[in-house]
Amino acid sequence: MEDLSRRRVLGLAAAGLGAGVLDPRGARGNGLVKKEQRVPVLHATDLFRPHMDPDDHWDLACVYALAHRGDIDLKGVLIDHPPANRKDRNPDIAAVTQMNLICGLFVPVAVGSPRPMTSRSDIQAHASRTDHHGVGMVLDVLQQSAHPVVINILGSSRDVAIAGKKNPDLFAAKCAAIYLNAGTGSPNMGPASKREYNVTLDTLAFAAIFELPCPVYWMPCFEEMESRQERGVREYGTHYKFQQNEILPHLSQNVQNYFAYMFGKYTDHNWLHYLKGPRDQALLSKVGGMTRHMWCTAGFFHAAGYTVTRNGKIISRDEKSDQAVFSFDPIKITCTDNGVTQWTPDDRSQHRFIFHVQDVEHYQSAMTTAMKSLLMTLP
Ligand SMILES: [Ca+2]
């Protein structure tokens, strides 16, 4: 076993994509990394106020922490249109604005399409510019970026799928990778298997992502949906959980207030004064005792050029550590219109990969430790 203490941890991003050592105090400012070296990222998320699943707010904080550190260049936040049956929800522009202010960034926001795809090649030619606000952001970010862009999908696949079908040549040239957080990773998914939530948001869009001419890093949320009891860590599912007070009390007051404003489900417009105001210790203590279920964290590290060891250390993907708790394995995959996936390992595959937990025993604690050290870099 290698001596981790002698290894450089929290190290270099992928070759040519970033440079520097992650400073847990956040002292490494954005100015130390040239902008063109950061990985351009577009973040598509079902981030609502009041929140539905608060994991999207944790994820947003993670990508802002990577942007603040200079690992990624966060090009935009695309927020799904609230589901048709959730008219009490709005895209949480306050959370994005709070994170922009905390990090001194100016990341724009767009809202996704309310129109489900009617086939997996449906480009919704008659949609208004309003309906295609999010689709427009995807196409614009890819067109304007000097370097190929990573796209994170954390909710519906709709807007990215429509954009890809509208301009496949642009995706071939300018989409570095799609990290698709949806579906179930069982190699034996049957036609009657229960669909994962993000798939059900727009099943045809989920299927369409696998047809796009760009790399897809598929991150199934669970291995399968059948066993509802103790959903422990499985090899082909990203799911893990942690108790929020493992991380919350260690974050800056700004970031604690960002989380409290979300957990409090405030729908006032007081986001700025709340952010700068006193900590709501009673609320934070209450939510600190709650378990949070998480899925997407590993993809953020991977896109930024990192992996995570069994001890929760964030290291460069280039280090080829045998201690990495996850990998992305090349596969061949098909997906039906109903969202039923079938995949097999394929060493020749260049553009389709599946998330694979390499260390089932340590994955959950490793991801929690890594997320904590990442979020502690936020000012
Ligand atoms: Ca989500």
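List of remarks:
- Within the stretch 133-156, if we keep just the residues that are in a loop (DSSP other than H, G, I, E, B) and touching a strand residue (DSSP E or B) at 6+ places or on another chain (Cβ under 7 Å), the residue that is surrounded by the fewest Cβ atoms within 10 Å (Cβ to Cβ) turns out to be His147.
- Options Pro213, Pro249: the member that is part of a loop (DSSP other than H, G, I, E, B), at negative phi and either of a type in the set (D, E, K, R) or in contact (Cβ under 8 Å) with a residue 12 or more places away in the chain (or both): Pro213
- Looking only at the stretch 40-72, and only at residues there that are over 18 Å from Phe106 (Cβ atoms) and away from the ligand (no atom under 13 Å from the Cβ), the one that is surrounded by the most Cβ atoms within 10 Å (Cβ to Cβ): Arg49
- Residue check: Ile151 meets all listed conditions (1) of a type outside the set (Asp, Glu); (2) touching a Phe, Trp or Tyr at 6+ places or on another chain (Cβ under 6 Å); (3) closer than 21 Å to Asp59 by Cα but one, namely (2).
- Residue in the stretch 304-318 that is β-branched (Val, Ile, Thr) and within 25 Å of Asp202 (Cα to Cα) present: no
- Contact map, the stretch 352-379: residues that are small (Gly, Ala, Ser) paired with residues that are at pLDDT below 95, Cβ distance under 6 Å, separation 6+ or inter-chain. Pairs shown: Ser373/Pro24.
- Residue within the stretch 188-200 that is at pLDDT 95 or above and either farther than 21 Å from Glu224 by Cβ or aromatic (Phe, Trp, Tyr) (or both) present: yes
- Taking the criterion of being surrounded by fewer than 22 Cβ atoms within 10 Å (Cβ to Cβ) and more than 14 Å from Thr334 (Cα to Cα), the residues of the stretch 199-212 that qualify are Thr200, Leu201.
- Long-range neighbours under 7 Å by Cβ, at least six apart or interchain, first residue closer than 17 Å to Thr369 by Cβ within the stretch 277-304, second small (Gly, Ala, Ser) and within 16 Å of the ligand (Cβ to nearest atom): none
- Among the candidates Gly264, Gly232, residue that is of a type in the set (Gly, Ala, Ser), modelled with pLDDT of 95 or more and within 25 Å of Ala61 (Cα to Cα): Gly264
- Tabulated pairs, the stretch 52-68, first under 15 Å from Ala260 (Cα atoms) and of a type in the set (A, V, I, L, M), second surrounded by fewer than 24 Cβ atoms within 10 Å (Cβ to Cβ) and modelled with pLDDT under 95, C-beta under 9 angstrom, 6+ apart or interchain: Met52/Pro83; Met52/Arg86
- So His293, is it within 16 Å of the ligand (Cβ to nearest atom), closer than 26 Å to Ala67 by Cα and not in a loop (DSSP other than H, G, I, E, B): yes
- For the stretch 164-210, taking the residues that are in a helix (DSSP H, G or I), aliphatic (A, V, I, L, M) and within 16 Å of the ligand (Cβ to nearest atom), the one that is farthest from Asn85 (Cα to Cα) is identified as Ile209.
- Just one of the listed residues (Ala94, Ala84) is part of a loop (DSSP other than H, G, I, E, B) and more than 10 Å from the ligand (Cβ to nearest atom), and it is Ala84.
- Tally of residues being over 21 Å from Gln244 (Cα atoms) and at pLDDT 95 or above across the stretch 26-76: 17
- Residue list for the stretch 113-141, filter: touching a residue at least 40 places away in the same chain (Cβ under 8 Å) and either in contact with a Leu (Cβ under 8 Å, 6 or more places away or on another chain) or hydrophobic (A, V, I, L, M, F, W, C) (or both): Pro116, Met117, Thr118, Ser119, Arg120, Asp122, Ile123, Gly134, Met137, Val138, Val141
The values are calculated or read from the model by the stated rules, or taken from the named source; none is laboratory data. Just so we're clear, the structure is a prediction, and the values are computed from it rather than from any experiment. Reconstructed Cβ throughout: ideal geometry from the backbone, glycine too, with neighbour counts over all protein chains shown.
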